[in-house]
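First up is the structure itself, then whatever we jot down about it.
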Amino acid sequence: MLFLIGLMVFLAYTVIDTTRPGLEIALGDRGTPGTAEVLSCEALGEGRYDCQARFTFDDPAREPIVIDTVPDAEAGEVFPAALTPEGDRVVPTGERGVWTSVALLALVPLCLAFIPTMVLYGFGIQRGRRTSMIGAFAVSALSLLVCVVGLILGS
């Protein structure tokens, strides 16, 4: 039981830790702001894509560059973006970028929802099991709904 709880907490931490940098970029706290115009997006197979965009910096002193972008972009699409701090790709900012991050962060409650139920079953406590199961399923359903809506609005 403790191993499963630890695993669920670790999964929740991992989701937060991997999503936080993208959310910071989407909110404009990190990265170099500008505008991306998708030049091409080709399917490489097995769910992989090679998408290139012309990134125009908000700073007029810097020349535009051609760089990798997100795989859910379409050729000709123009969106506000930011160059990642690593300088390897551009990602959407503003509403689109925030919704994408929120969709992933919505998985955190899903990871943690069944921990109270596991504790009750693990210690053999009868009282509150049904309520904890109903609550866990409600939190899971809401979490999945927010995740799907965020993915739709973020694409």
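The values are calculated or read from the model by the stated rules, or taken from the named source; none is laboratory data. What you are looking at is a predicted structure, and each value in this text was computed from that prediction instead of being measured. Please note: Cβ atoms are built from the backbone with ideal geometry, for glycine as well, and neighbour counts cover all protein chains shown. Accessible surface areas use protein heavy atoms only, side chains included; no ligands, DNA or RNA. Shrake-Rupley method; radii C 1.70, N 1.55, O 1.52, S 1.80 Å.
Per-structure values
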{"quantity": "Gyration tensor (alpha-carbon) shape descriptor, the range 3-46, a/c threshold 1.5", "calculated": "oblate"}
{"quantity": "Whole-percent carbon and sulfur share, accessible surface of the chain, 1.4 Å", "calculated": "64"}
{"quantity": "Heavy-atom accessible area per residue - the chain, 1.4 Å, Å²", "calculated": "61"}
{"quantity": "Those Cys residues of the chain for which no other cysteine Cβ falls under 4.7 Å", "calculated": "Cys111, Cys147"}
{"quantity": "Viscosity 0.890 mPa s, 25 °C: Kirkwood-radius Stokes-Einstein D of the range 2-155 over Cα pairs, µm²/s", "calculated": "140"}
{"quantity": "DSSP beta bridges in the chain [antiparallel fraction, %, rounded to 5]", "calculated": "90"}
{"quantity": "Cβ-placed point charges (K, R +1; D, E -1), dipole of the range 1-107 about Cα centre in debye, nearest 20", "calculated": "300"}
{"quantity": "Equivalent ellipsoid semi-axes - Cα gyration tensor, the range 80-135, angstrom", "calculated": "41, 12, 4"}
{"quantity": "Of the trypsin sites (Lys or Arg not before Pro) in the range 33-101, those whose Cβ has at most 15 other Cβ within 10 Å and which sit in DSSP loop", "calculated": "Arg62"}
{"quantity": "Sparse-neighbourhood loop sites, GluC sites (Glu not before Pro) in the range 8-90 - DSSP loop, at most 14 other Cβ within 10 angstrom", "calculated": "Glu46, Glu74, Glu86"}
{"quantity": "Exposure rank, largest accessible area first [Met1, Met8; 1.4 Å]", "calculated": "Met1, Met8"}
{"quantity": "Rg/Rg_globular for the range 1-74, with Rg_globular taken as 2.2 N^0.38 Å and Rg from C-alpha atoms", "calculated": "1.56"}
